[in-house]
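Peer 1: Following this message is one structure expressed as structure tokens.
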Amino acid sequence: MSDSDSAQSPEVVEERFAEIDENTVIDIKLKLVWLKQDTHQKTGNWLNWIQSRDYAKELNQSHFAGFNDWRLPTVEEAKSLYNKNHVNKDHMGQKAYLPSIFPEGFGFLCWTSEVRNKIQAVRFGFRKGAMMYDDVYRVSRGSTRLVRDMNKL
């Protein structure tokens, strides 16, 4: 592929990601497998951090997509999806920066696995690329995009 081809094709930036099936996406660069939909899209409900963690356990017990090691992403993993070159739309139809391989309508705040003092967890925002601590029991627009390590295929 020539440089001019890559400049005009929006999919070239997306080469980092590949769709496995209707449920999962591979991050080739970081060797991760992401759920295509976040927990809000999959369940139709907003989840607090504890509910998100428990939802991952439920998916693991059912071997969702053939795996039993789904988990909340680390802060760095969630941040790695944020890219100002990838404009997508969150559940409110607002601009959020997540690759278009992930369907529109996601929660713009993503719970991560990072917890402090057992009562606060980090949420990463796909609108502004910022992280914040929030109460693990807070449901307000709570969702996460579950992930697993690809090397455990």
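The values are calculated or read from the model by the stated rules, or taken from the named source; none is laboratory data. These figures come from a predicted structure and were not determined experimentally. Because the Cβ atoms are built from the backbone with ideal geometry, glycine has one as well, and the counts that use them run over all protein chains shown.
Peer 1: I want to confirm something. Restricting to region 122-142 and keeping residues that are small (Gly, Ala, Ser) and modelled with pLDDT of 95 or more, which single residue is surrounded by the most Cβ atoms within 10 Å (Cβ to Cβ)?
Peer 2: Checking each candidate, the answer is Gly125.
Peer 1: Which of the following residues is closer than 25 Å to Arg138 by Cα, touching a Gly at 6+ places or on another chain (Cβ under 7 Å) and aliphatic (A, V, I, L, M): Leu35, Leu109?
Peer 2: Exactly one residue qualifies, and that residue is Leu109.
Peer 1: A further question on this structure: Does region 44-59 hold any residues that are part of a loop (DSSP other than H, G, I, E, B) and in contact with a helix residue (DSSP H, G or I) (Cβ under 9 Å, 6 or more places away or on another chain), and which are they?
Peer 2: The answer is Asn45, Trp46, Leu47.
Here's the yes/no breakdown for (1) free of Cβ contacts under 8 Å to residues at least 60 places away in the same chain; (2) within 23 Å of Met150 (Cα to Cα); (3) among the small types (Gly, Ala, Ser):
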{"position": "Lys42", "(1), (2), (3)": "yes, yes, no"}
{"position": "Asn48", "(1), (2), (3)": "no, no, no"}
{"position": "Lys57", "(1), (2), (3)": "yes, yes, no"}
{"position": "Trp70", "(1), (2), (3)": "no, yes, no"}
{"position": "Ala78", "(1), (2), (3)": "no, yes, yes"}
{"position": "Tyr82", "(1), (2), (3)": "yes, yes, no"}
{"position": "Asn85", "(1), (2), (3)": "no, no, no"}
{"position": "Lys89", "(1), (2), (3)": "yes, no, no"}
{"position": "Gln94", "(1), (2), (3)": "yes, no, no"}
